[in-house]
Amino acid sequence: MNGVLRVGIIGTGFGAEVHAPALQRIEGCELVAFLGTGGRRSDEIGERFGCPVDTDLDSFLARDLDLVTVALPPNELSPAISALASARIPILCEKPLGRSFAEAVLFEAKARGLVTAVDFEFPEIPAFAHLKSIVEGSEFGDIQFIQLTWLTESYAQRKRKWSWKTDAEKGGGVLTLLGTHALYVAEWLAGPIAKVRADLSSERTSRFRPTEANVAAEDTAVFQFRFVGGAALAGTVSNAHPGSHIHQWIVVGENGTAVLENRTPDYMSGFTLHVYDADGRERHRVSDPKADEDGRTGPFLSLAQRFVDSVRNGTQCRPDFAAGRHVAALTEALRRSHTSGSWETPHDI
């Protein structure tokens with residue numbers, strides 16, 4: 001596909017704050033339109049980016065688009081994904097890929113034959129890429145164990161603001177918001193997960209649900225993974241810890257240990273990697289600089305560039321909808337484990 005690619009963005013939240021600034025930097029891409037809900041926000045976005053903000057999906061699709069990025073809550077994805085797939089338009093979608101494994105399977109099937117991508121963007125961060133190269137090196141040896149700690153307090157938790165992000169029935173919860181990233185990164189580092197176990201809590205979210213009928217989504221997840229290769233992971237992920245800003249991966253290999261962490265409020269930039277040999281001597285240290293802009297823009301730009309290149313070349317982009325489906329299976333297994341109180345095997349293994 002040669003020439004200028006006509007780009008549409010569905011969603012005026014993350015889509016406007018991260019997708020649009022990144023896509024405008026990609027050579028050969030023209031931002032043609034947003035799809036939003038109207039009102040003052042849409043007017044502001046249209047003026048800011050110099051393009052229309054449609055409020056009707058059919059009008060949006062009629063703009064002869066070459067690719068579309070989607071940044072919607074999981075409970076609002078179905079009409080957009082179905083329409084884009086029917087129109088045979090390549091799709092880059094925010095994670096998660098739907099509210100459930102079954103929905104992710106359906107989306108993947110509808111988009112079969114299209115170039116697709118899902119925004120699991122932590123591997124695009126230089127410090128994570130460096131960690132990947134270290135653990136794949138012969139000096140580090142096979143991964144034996146991973147300890148993950150990711151504790152923060154989200155805006156919704158801090159302000160006690162009920163939204164889809166805190167509503168279990170709309171696909172919210174810390175597993176949706178943070179856990180999906182953790183699941184993708186865990187397998188990217190250590191290979192396929194064979195089984196999982198989890199204990200989930202929605203105690204803090206339950207304090208501000210509007211009515212007894214609303215179902216509070218989990219805000220804390222404590223879990224264990226067993227990988228096919230024999231390694232293990234223990235982790236805690238929470239978005240309801242006041243004053244906490246820590247995202248840390250401790251990866252223990254046969255011949256050393258790597259510690260990747262970020263203690264800044266910007267969860268996408270400011271990571272530092274330390275690598276120690278078997279005697280505890282530091283062998284490597286890598287620090288990502290603090291981003292001057294929204295820290296999410298750079299990693300998304302890296303993935304979006306790969307997606308655009310795949311659209312032009314007609315090649316597969318990774319992570320794609322198959323990756324989104326697989327992470328949905330892992331997420332569902334974690335929730336099943338909480339209910340059953342036992343180890344669970346993801347359905348698509």
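Observations, loosely collected:
- Couplings 3J(HN,Hα) of region 264-274, computed from phi: 9, x, 7, 6, 10, 9, x, 6, 10, 10, 10 Hz, in residue order, whole Hz [Karplus 6.51 cos²θ - 1.76 cosθ + 1.60, θ = phi - 60°; x for Gly and Pro].
- Local electrostatic count at V237 - Lys and Arg +1, Asp and Glu -1, tallied over other residues with Cβ under 12 Å: -3
- Listed peptides 329-337, 282-290 by packing density, highest first (mean Cβ within 10 Å): 329-337, 282-290
- Spatial offset of region 62-120 relative to region 272-349 amounts to 19 Å, using the alpha carbon center of each.
- Ellipticity estimate at 222 nm from DSSP helix runs (n ≥ 4, -39,500 (n - 2.57)) divided over the chain, nearest 500: -9000 deg cm²/dmol
- Separation of alpha-carbon centers, region 159-219 and region 21-42, rounded to whole Å: 29
- Accessible surface of the chain, 1.4 Å probe, proportion on carbon and sulfur as whole %: 47
- Loop-located GluC sites (Glu not before Pro) in region 65-140 (DSSP state not H, G, I, E or B) with no more than 11 neighbouring Cβ atoms inside 10 Å: E136.
- The residues packed around R41, meaning those with a beta-carbon under 13 Å from its beta-carbon, carry a net charge of -2 if Lys and Arg are +1 and Asp and Glu are -1.
- Here region 24-136 was treated as a single set of alpha-carbon atoms; its pair distances binned every 5 Å from 0 give 2, 10, 17, 20, 18, 15, 10, 5, 2, 1, 0 percent.
- Placing +1 on the Cβ of every Lys and Arg and -1 on the Cβ of every Asp and Glu, with nothing else charged, gives region 164-204 a dipole about its Cα centre of roughly 40 debye.
- Charge dipole (region 122-205, unit charges on Cβ, about Cα centre) - positive-most of G191, T205, I125: T205
- Positive minus negative residues near T220 (Lys, Arg vs Asp, Glu; Cβ under 9 Å): -3
- Solvent-accessible area per residue for region 159-266 (1.4 angstrom probe, square angstrom): 41
- The charge dipole of region 49-175, taken about the Cα centre with unit charges on the Cβ atoms of Lys, Arg (+1) and Asp, Glu (-1), comes to about 440 debye, rounded to the nearest 20.
- In the chain, the longest principal axis of the Cα atoms and the axis of helix 101-110 are about 50 degrees apart.
- Loop-located GluC sites (Glu not before Pro) across region 148-249 with a Cβ neighbour count of 16 or fewer within 10 Å are E212, with loop assigned by DSSP.
- The chain: proportion of alpha-carbon pairs further apart than 33 angstrom, %: 28
The values are calculated or read from the model by the stated rules, or taken from the named source; none is laboratory data. Remember, it's a predicted structure, so these values are computed and weren't measured experimentally. Positions of Cβ are backbone-derived with ideal geometry, glycine not excepted, and every protein chain shown enters the neighbour counts. Just the protein is used for accessible areas: all its heavy atoms, side chains included, with ligands, DNA and RNA removed. Shrake-Rupley method; radii C 1.70, N 1.55, O 1.52, S 1.80 Å.
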